[in-house]
Number of protein chains: 2
Amino acid sequence: MGETKVHIHEFQEMMRRIYFHRDCERGIAGTYEWLTEEVRELGEALNANEKADLEGEFADVAAWLASLANITGIDLEKATLRKYDKKCPKCGHMPCECTL
Amino acid sequence: MGETKVHIHEFQEMMRRIYFHRDCERGIAGTYEWLTEEVRELGEALNANEKADLEGEFADVAAWLASLANITGIDLEKATLRKYDKKCPKCGHMPCECTL
């Protein structure tokens with residue numbers, strides 16, 4: 001294994017280099033469908049409770065989310081930091097103090 | 001806004017500091033359900049094609065994936081790099097050369 005740390009942006013760019021040609025061919029609707037399929041598989045892995053499978057399924061959901069972001073022109077790092085910058089976006093606190 | 005770059009691991013830890021108490025109370029099944037709900041909302045935002053909403057929905061899916069990883073003991077950064085380390089895990093190439 002090479003890197004052991006990666007910025008969200010770097011991960012998204014790595015997904016672009018590996019898959020952008022495929023993601024463009026497939027399009028937004030098809031890529032979104034794959035994301036939902038990967039989320040379904042993550043649910044199955046959670047039920048099976050096999051840690052190795054579970055890790056792979058988390059990786060797949062992250063990868064397909066990055067692919068979808070690439071073909072829709074969203075920077076995931078900017079998006080996450082804009083909404084969750086060391087505080088809950090609803091109550092403004094860390095830890096979150098929202099009333100349930 | 002503070003930081004403009006964040007490692008996947010740092011983002012996951014930030015989600016832990018904001019939401020771990022809530023995520024633990026809700027549990028794995030309930031947190032997974034929220035993730036699927038956020039993916040559904042992302043699908044709606046893709047159809048509506050409103051960039052500001054879309055960015056927020058991508059952030060929400062990333063945040064709930066991190067919350068779910070926190071309560072299941074998965075390190076998202078390790079998981080993604082273990083599977084997608086500068087190559088497609090199926091064909092071993094960057095760009096991916098898998099036959100469809």
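All told, A:THR31 meets the bar of being among the polar types (S, T, N, Q) and at pLDDT 95 or above. The one condition from (1) within 24 Å of A:GLU50 (Cβ to Cβ); (2) without any contact (Cβ under 8 Å) to a residue 60 or more places away in the chain; (3) surrounded by 13 or more Cβ atoms within 10 Å (Cβ to Cβ) that B:GLU57 does not meet is (1).
When the residues of region B:29-42 are filtered to those that are within 21 Å of A:LEU81 (Cα to Cα) and within 8 Å of another protein chain (Cβ to nearest Cβ), the one that is surrounded by the most Cβ atoms within 10 Å (Cβ to Cβ) is B:LEU42. Summed over region A:14-28, residues that are loosely packed, with under 15 Cβ neighbours inside 10 Å and more than 8 Å from every other protein chain (Cβ to nearest Cβ) total 3. Being without any contact (Cβ under 8 Å) to a residue 12 or more places away in the chain and open to solvent by 70 Å² or more (accessible area, probe 1.4 Å) is a property that B:THR4 has. Only residues that are surrounded by fewer than 18 Cβ atoms within 10 Å (Cβ to Cβ), within 18 Å of B:THR31 (Cα to Cα) and not charged (D, E, K, R): list them for region A:44-54, please. Selection gives A:ASN47, A:ALA48, A:ASN49. Within region A:67-77, the set of residues being free of Cβ contacts under 8 Å to residues at least 60 places away in the same chain, within 9 Å of another protein chain (Cβ to nearest Cβ) and buried (at least 18 other Cβ atoms within 10 Å of the Cβ) comprises A:LEU68, A:ALA69, A:THR72, A:ILE74.
Looking at A:GLY73, is it modelled with pLDDT of 95 or more and over 24 Å from B:MET14 (Cβ atoms)?
yes
The values are calculated or read from the model by the stated rules, or taken from the named source; none is laboratory data. Everything quoted here is computed from the prediction, not taken from an experiment. Neighbour counts are summed over all protein chains in view; Cβ atoms, including those assigned to glycine, are modelled from backbone coordinates with ideal geometry. In case anyone asks, the SASA skips ligands and DNA or RNA and just uses the protein heavy atoms, side chains included. Shrake-Rupley method; radii C 1.70, N 1.55, O 1.52, S 1.80 Å.
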